[in-house]
Amino acid sequence: KSLPPVVFHYIPWFGSAAYYGEDPYKFFFECRDKYGDVFSFILMGRKITVALGPKGNNLSLGGKTSQVRAEDAYTHLTTPVFGKGVVYDCPNEMLMQQKKFIKSGLTTEALQSYPPLIDLECEEFFSHELGLGKEKKSSVKVDLLKTMSELIILTASRTLQGKEVRQGINGKFAQYYEDLDGGFTPLNFMFPNLPLPSYRRRDKAQKAMSDFYMKIIEERKKGETDHELDMIASLQGSVYKDGVPLTDRDISHIMIALLMAGQHTSSATSSWALLHLADRPDILEGLYQEQVKYFGKADGTLGPMTYESIKDLPLMDSVIRETLRMHAPIHSIYRKVISDIPVPPSLAAPSEQSSYIIPKGHFILAAPGVSQMDPRIWQNSKTWTPERWLEEKGVGQAAVESYTKSEQVDYGFGSVSKGTESPYQPFGAGRHRCVGEQFAYTQLSTIIAYIVRHFTMKLEVPSFPETNYRTMIVLPKNPQVSFTLRKQ
Ligand code: HEM
C-alpha cells in the first residue's frame, strides 16, 4: 500500500506553511480538487496528513487510542499554559475521567442558575462600560471582538469560574490572563520553547494563575460555604476510579484549561453571529419577535430569561448553529499517528488503484469546517442561512439528519463513540469531543438575547469582515459595529 499524495511545495522544510497558514480552507478545498480527500503536506518539518469529509473526520476523530493520540499533538502547546498533570499532560484515560468531573459540574441545576447572572452582567457591561442606557448615550460604535471578549470572560467568570474569579477580573487576574493568552498562539504551537519575552511572561503567568486558584480553594476550605454552583465547588472532592483524588493543583489547572477552552471559541462565535445579525436586520428582528413570543408579558415588557426557555428558542438555536457551520472556531484538529492507519479505498484519490496507509509519525488533521461548507452537501454553502435549520425538509437536510443534537458520547475507555462520521462537527466528535457545548449555548443564547432585546445593530465597515486565520481561533478582521438602543 502506498502513502497519500504530498502537496507540491518549493521549500523543503517550510513546505506548505504559507499556503495553509494564510487561508486553510482555500488550501483544503484546492488540494481536495487535486488530490482527493486524503493528502499529506509539510508544515515546518512536520508531516501532516489531511483526511476530509465525514469519512475523513471519522478516520481521525473516531480513531482508536492505539492509532492516534491527541496529547502527543497538543501537549507542547497546552501544558505550559494549563499547567501539569491534567488534560494533555496525563494519560488519555485520566483526561476522560477529568471530562466526566467537568460534566458533573455542568448539571441542569448549575446551568439553570446561569442566565439570570449573565443577564445582570450584560446589563452592567452595557450601561457602565459602554455607557448605553437611559439618560446616557443611545448609540455606540465598538470593535465587536474586543467587546465580546470582555463580555465572555465577565459572564464565564460570574457563572462557571466562580465569584472570586469574577472579582479578580478587574485586578491582577486580567494581566495573568493576557500573558497566558500570549503563550497560546500558532508560534507556540510550532515552537514550544523560544527564548522570547512572551514565552517567559507565559511561564510566569501560568504559575501566578495557578496560585491564584490555589488560594481560592484554600480560602474555601477554611469554611466559606457560600459559593454557588460553580466548577471549583464541583471539582473539589472528585476522585479518580483508582481512588486517587484530584489535588488542588489539578483543580487549578483544569480551571485554567476551561477558561482558555471557552474564551476564544465563544468570543469568536458570538462576534460572528452578531456580525451576521448586523448584516441581516430581518433576522435580528426575527430574534426580537421570538423574544416577544416566548417572554412577552401582558404589560408589553419581556420576562426574565430562564434556562428552560433560552434553550428552546428555534431561531436563536438556528442562528448559533449556522454561525458555527460557517465559522467553526477551530479549523484544524490534530492527532499524532502512533501506528499505521489504513485508509479505506473509498477515501483514496480516484486515480489510485490501491488504498493508502497513513504512517506512524505523521500527524492526522481533521477539518470539520470543510464538510460544513462543502457545496456538495449544503445548498448555498457560502451563505449564512439560519433558516436552513428551521426547515423540515430542504437545504442541507442530509446533513441535518445525520447530526443528532442530543447525542450522548460515552467517554468510557475503549468505547467507540458515536457521531464521528458527520458533516457537522463544530464541537468535534469522539472521545475528545467538547464538554462545553451546553455551557457555550447557554452563554451565547443569553448574551445574544440580551443584545437583541435592547439594541439594533449596524455594520460600521464597507463590507462584511473577512477572516483572520493567523490566530489559533478563526476570527473576524476589523469587526466594527454600532449598537443603538431600541426605542421603548
Ligand atoms: C474540546 C469546540 C466551548 C471545553 C473541543 C473540541 C472542539 C471544541 C472542536 C475538540 C478538540 C479536539 O478534538 O482536539 C468548541 C467550540 C466552543 C467550545 C466551538 C464554543 C462555541 C467550550 C467551553 C468549554 C470547552 C465553553 C468549557 C467550559 C472543552 C474541553 C474539551 C473541548 C474540556 C475536551 C478536549 C479533549 O478531550 O481533548 N471543543 N468548544 N469548550 N472543549 Fe470546547
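The values are calculated or read from the model by the stated rules, or taken from the named source; none is laboratory data. Quick caveat: nothing in here was measured; it's all calculated off a predicted structure. Methodologically, a virtual Cβ is constructed for each residue, glycine included, from the backbone with ideal geometry; neighbour enumeration extends over all protein chains shown. What goes into the accessible areas is simple: the full protein's heavy atoms, side chains included, and nothing from ligands, DNA or RNA. Shrake-Rupley method; radii C 1.70, N 1.55, O 1.52, S 1.80 Å.
Below is a table of values for the structure above.
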| quantity | calculated |
| --- | --- |
| Output for segment 131-167, where each listed residue is in contact with a His (Cβ under 9 Å, 6 or more places away or on another chain), more than 14 Å from the ligand (Cβ to nearest atom), assigned to a helix (DSSP H, G or I) and more than 21 Å from Q112 (Cβ to Cβ) | E164 |
| Test: residue in segment 48-65 that is more than 21 Å from Q425 (Cα to Cα) and part of a loop (DSSP other than H, G, I, E, B) | no |
| Any hit, segment 481-488, residues being in contact with a strand residue (DSSP E or B) (Cβ under 8 Å, 6 or more places away or on another chain), surrounded by 22 or more Cβ atoms within 10 Å (Cβ to Cβ) and outside any loop (DSSP other than H, G, I, E, B) | yes |
| Close pairs from segment 298-309: first loosely packed, with under 14 Cβ neighbours inside 10 Å, partner of a type in the set (A, V, I, L, M, F, W, C), Cβ under 8 Å, at least 6 apart | G303/F295; P304/F295 |
| Where F39 falls short, out of the listed (1) out of contact with any Cys (no Cβ under 6 Å at 6 or more places or on another chain); (2) open to solvent by less than 40 Å² (accessible area, probe 1.4 Å); (3) away from the ligand (no atom under 14 Å from the Cβ) | (1) |
| Residue among L258, L229 that alone is outside any strand (DSSP E or B) and surrounded by 21 or more Cβ atoms within 10 Å (Cβ to Cβ) | L258 |
| Qualifying residue in segment 319-331 (condition: closer than 28 Å to Y88 by Cβ, buried (at least 16 other Cβ atoms within 10 Å of the Cβ) and touching a Lys or Arg at 6+ places or on another chain (Cβ under 7 Å)) | no |
| Residue in segment 164-183 that is at pLDDT 95 or above and of a type in the set (F, W, Y) present | no |
| Identity of the residue in segment 334-356, modelled with pLDDT of 95 or more and open to solvent by 20 Å² or more (accessible area, probe 1.4 Å), that ends up nearest to the ligand (Cβ to nearest atom) | K336 |
| Count of residues meeting criterion [touching a helix residue (DSSP H, G or I) at 6+ places or on another chain (Cβ under 6 Å) and either without any contact (Cβ under 8 Å) to a residue 24 or more places away in the chain or hydrophobic (A, V, I, L, M, F, W, C) (or both)] in segment 450-463 | 3 |
